[in-house]
Amino acid sequence: MGADGAWHKIPLPFMETLVVDHPLVAHKLTALRDVRTDSPTFRRLADELVTLLAYEATRDVRVTEVSVETPVATARGLRLAKPYPLVVPILRAGLGMLDGMTRLLPTAEVGFLGMIRNESTLQAETYATRLPDDLSGRQCFVVDPMLATGGTLAAAVQFLLDRGAIDVTAICLLAAPEGLAHMDKVFAGSGKPVRVVTAALDERLNENGYIVPGLGDAGDRLYGVV
Ligand SMILES: O=P(O)(O)OC[C@H]1O[C@H](OP(=O)(O)OP(=O)(O)O)[C@H](O)[C@@H]1O
Ligand SMILES: O=c1cc[nH]c(=O)[nH]1
Ligand SMILES: [Mg+2]
């Protein structure tokens, strides 16, 4: 178990993977999965869940020592270190997690990746890239609700490592064993910390590459596509 039962790790050869164990996370995830949950509620739950997961996912965010004057005396404290982290939502579904992240990290810079999984090949295709060219020295947080085959997330993380990111943490609402194994294989030799923080490790992928039991297509459920 992790910090007093807050999370547990999935044993993988390389990549650190935390599953957050908290009754509020479990409660909200259960409602998110429910096919009867409508899009407005689905959006609210995704927003709330990412904030709960981000609390654990940002344990290693870099800080710097400062001192401030209180109304009473000088106090020593910490502030987020510069350069501030980069938050990268993967469009479309990652957008449903952006507000929850920037609420917790208001000074973070936001980059964007537009990616879509070709549903016949299950390969990720990138249609939009808005990232800083130079990420040297930067911590990055990628948000995408679903880690299924891992093709999308692996490509997204690679974009960031190629630009010099020093560590990348992916926050996903659900992960499949196949996706974690793929990420672990792809980044085993990268020499840079890549980690995943999620609310649940589901059973498997079905023949269409959907997470079982999962929650369906996250983008469609977020944006009312029926
Ligand atoms: O791990 P993978 O097998 O790559 O699948 C996961 C990806 O699939 C979904 O995106 P989708 O391609 O449906 O685009 P959308 O977010 O716009 O719905 C989801 O939002 C992830 O990005
Ligand atoms: O279950 C899945 C798998 C990929 N993408 C989704 O949105 N849901
Ligand atoms: Mg989708």
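All conditions but one from (1) more than 16 Å from ligand 2 (Cβ to nearest atom); (2) farther than 21 Å from Arg195 by Cβ; (3) under 15 Å from the mean Cα position of the chain (by Cα); (4) hydrophobic (A, V, I, L, M, F, W, C) apply to Leu52; the one that does not is (2). Identify all residues within the stretch 78-131 that are within 11 Å of ligand 1 (Cβ to nearest atom) and aromatic (Phe, Trp, Tyr); write none if there are none. Answer for the stretch 78-131, where residues must be within 11 Å of ligand 1 (Cβ to nearest atom) and aromatic (Phe, Trp, Tyr): just Tyr127. For the stretch 149-184, a residue qualifies if it is crowded, with 23+ Cβ neighbours inside 10 Å, within 14 Å of ligand 2 (Cβ to nearest atom) and over 13 Å from the mean Cα position of the chain (by Cα), and the qualifying residues are Ala176, Gly179.
Taking the criterion of being near ligand 1 (Cβ under 10 Å from one of its atoms) and among the aliphatic types (A, V, I, L, M), the residues of the stretch 152-172 that qualify are Leu153, Ala154, Ala155, Ala156. Screening the candidates Asp202, Asp144, Asp220, Asp184 for the property of being over 20 Å from Ala57 (Cβ atoms) and modelled with pLDDT of 95 or more yields one hit, Asp220.
Scanning the stretch 29-74 for residues that are closer than 21 Å to Ala200 by Cβ, in contact with a strand residue (DSSP E or B) (Cβ under 8 Å, 6 or more places away or on another chain) and part of a loop (DSSP other than H, G, I, E, B) yields one hit, Thr58. The single condition among (1) within 16 Å of ligand 2 (Cβ to nearest atom); (2) surrounded by fewer than 10 Cβ atoms within 10 Å (Cβ to Cβ) that Met97 does not meet is (2).
If you go through the stretch 70-105 and keep only what is farther than 19 Å from Arg130 by Cα and of a type in the set (Ser, Thr, Tyr), you end up with Thr70, Thr74. For the stretch 72-94, what are the residues that are more than 16 Å from ligand 2 (Cβ to nearest atom) and under 14 Å from the mean Cα position of the chain (by Cα)? Scanning the stretch 72-94 gives Pro85, Leu86, Val87, Val88. Only residues that are over 18 Å from Leu95 (Cβ atoms) and either within 14 Å of ligand 3 (Cβ to nearest atom) or at pLDDT below 95 (or both) were counted across the stretch 149-165, and they come to 2.
Here Val35 qualifies as closer than 21 Å to Arg92 by Cβ and surrounded by fewer than 14 Cβ atoms within 10 Å (Cβ to Cβ).
The values are calculated or read from the model by the stated rules, or taken from the named source; none is laboratory data. Since the model is a prediction, treat every value here as computed from it, not as a measurement. Positions of Cβ are backbone-derived with ideal geometry, glycine not excepted, and every protein chain shown enters the neighbour counts.
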